[in-house]
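Working notes, structure below.
Taken together, the values in this text are just the output of simple stated rules run on the coordinates, not laboratory data. Just so it is clear, the structure is predicted and the values come from calculations on it, not from any experiment.
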Amino acid sequence: MIKLHGSKHFKSSTLIATPSNQKQAEALSTCIIFFGMQIQATKMNGKVEIVNRERKYCQQNTAFELNASSSQKRKICMKNIQIQAACARIENQMEEVKREAMESNGCNLDVTMKNGSVPCVQ
């Protein structure tokens, strides 16, 4: 509006592009672009920090869950070892009973149990 209706001095100084004015305009344009980039970088940094906080929170929760799972696995493995040991003791006892039956009265408990007949009685 000033360009159309302003003073002759303003019109003449703004309409004529001199090398000095052009350099100032380029510098101003560069500053505006740089300022815009700074704003975008600030916004992006904020978003990056939010993502990093969320990632850290997830990692901490996952670490807690992993530790709980490891502890549970250790307990289950110990229980399995105890069960295996108990099974081995029972199997050994069964073998001992079979051996004693064979020695004392010649009764083979494996054959008797497979046939479904009454165990050897004398």
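What the pair-distance distribution of segment 32-115 shows, using all Cα-Cα distances binned every 5 Å from zero, is 3, 11, 8, 8, 7, 6, 7, 5, 6, 5, 5, 4, 5, 4, 4, 3, 3, 2, 2, 1, 1, 0 percent. Restricting the calculation to Cα atoms, every distinct pair contributes to the Kirkwood radius of segment 52-96, found to be 13.2 Å. Derived scalar couplings between HN and Hα for segment 40-54 equal 5, 5, 5, 4, 5, 4, x, 5, 4, 5, 4, 4, 5, 5, 5 Hz in order, rounded to whole Hz, by the Karplus curve 6.51 cos²θ - 1.76 cosθ + 1.60 (θ = phi - 60°), x for Gly and Pro.
Karplus-derived 3J(HN,Hα) values for segment 77-94, using 6.51 cos²θ - 1.76 cosθ + 1.60 with θ = phi - 60°, are 4, 4, 5, 4, 5, 5, 5, 4, 5, 5, 4, 5, 5, 5, 4, 5, 5, 4 Hz; glycine and proline are entered as x.
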